[in-house]
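Written out below as structure tokens is the structure these notes cover.
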Amino acid sequence: MTHNKRGGPQRIPRPQQWRLGNSAPWADINQISLESLERNLAVRPTRQQLTGAPPPKRHSAVLIALYEAPETTVILTRRTQQMRSHSGEVSFPGGGQDPDESLWETACREAHEEVHLDRSLIQKIGELDHLTTVSSQARIVPYVARLSHKPLLAPNPAEVDKILEVPLSELMLPEVYREERWLWPGSNEERSVYFFELYGDTIWGATANLLHQLLMSGLQESEDTK
């Protein structure tokens, strides 16, 4: 089915008190190259992002896989409605760490299991901030990788309803990106929550947070070369 309207059926648990946040910091930039991302991520420090979540119960990793064909494109998935957690949400390939494997190995294994991504194409170029989700209490390590060429992918029907291959330039469109400021329940603290409205899907939560980080990582060099 073809969608001609931005936004999807994903359920957004918006609190009663919220307001619109700032406009996109990349408003005057059309594209971010994979080369600039690779250079900036090589020197970008990573940290544990404070999300207000309790201490993690498990460790997990996701793979943010990028390729150029011809512009920089990111691989995302829409989870099936049968998944135990985050059903129907848009996410990166990823999951929980198995015994005796590194978290990088976790990210690559999960990408192969979920979308049949050929591991020989994957080159690690950096990490984004680690974060712990409130709902699943999982510590997520997000690895950014470049692929040597556009991959041939196939969804694992047990986990993936659809594979989304999204150009970064689409994520940067003003009608796609939105920041909201939510007043967190039980506190007086406002936090930024990011949204990307694709045709047929709304990306939010941890995935949108990581996409925002990714785009911000490519901003500095793009601004320097404008």
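A short reminder: the numbers here are calculations on the coordinates, not readings from a lab. Everything quoted here is computed from the prediction, not taken from an experiment. All Cβ positions, glycine included, derive from the backbone under ideal geometry; neighbour counts span all protein chains shown.
The ranking of I163, I140 from fewest to most other beta carbons within 10 Å of each one's beta carbon is I163, I140.
With contacts taken as Cα pairs under 8 Å at a separation of at least 6 residues, the chain carries a relative contact order of 32 percent. Taking Cβ atoms as reference points and 11 Å as the exclusive limit, the residues near V144 contribute a net charge of +1, counting Lys and Arg as +1 and Asp and Glu as -1.
Mean silhouette area of the range 20-220, derived from the convex hull of its C-alpha atoms and averaged over all directions, reads 11.5 nm². Straight-line cross-link reach from K162 at under 13 Å between alpha-carbon atoms covers these aspartates and glutamates, not counting any fewer than eight positions away in the same chain: E89, E114, D201. Annotation: amide H-H contacts under 5 Å for E127 (H modelled 1.01 Å from N, sequence separation of 5 or more, or interchain): V144.
Per DSSP H run of at least 4 residues, take -39500 (n - 2.57); add these up for the chain, divide by its residues and hand me the 222 nm value, nearest 500 deg cm²/dmol.
So the helix-based figure for the chain works out to -5500 deg cm²/dmol.
For V144, V193, what ranking results if the residue with the fewest other Cβ atoms within 10 Å of its Cβ goes first? Let's see the in-between values first.
Values: V144 24, V193 21.
Ascending number of Cβ neighbours within 10 Å: V193, V144.
When the GluC sites (Glu not before Pro) in the range 166-203 are filtered for DSSP coil states and for at most 13 other beta-carbon atoms within 10 Å of their beta-carbon, the remaining sites are E175, E189.
Contact order, relative form, for the range 88-146: 26 percent (alpha carbon pairs under 8 Å, 6 or more residues apart, mean separation divided by residue count).
If neighbour count is taken as other Cβ atoms inside 10 Å, put M172, M216 in order from fewest to most.
M216, M172
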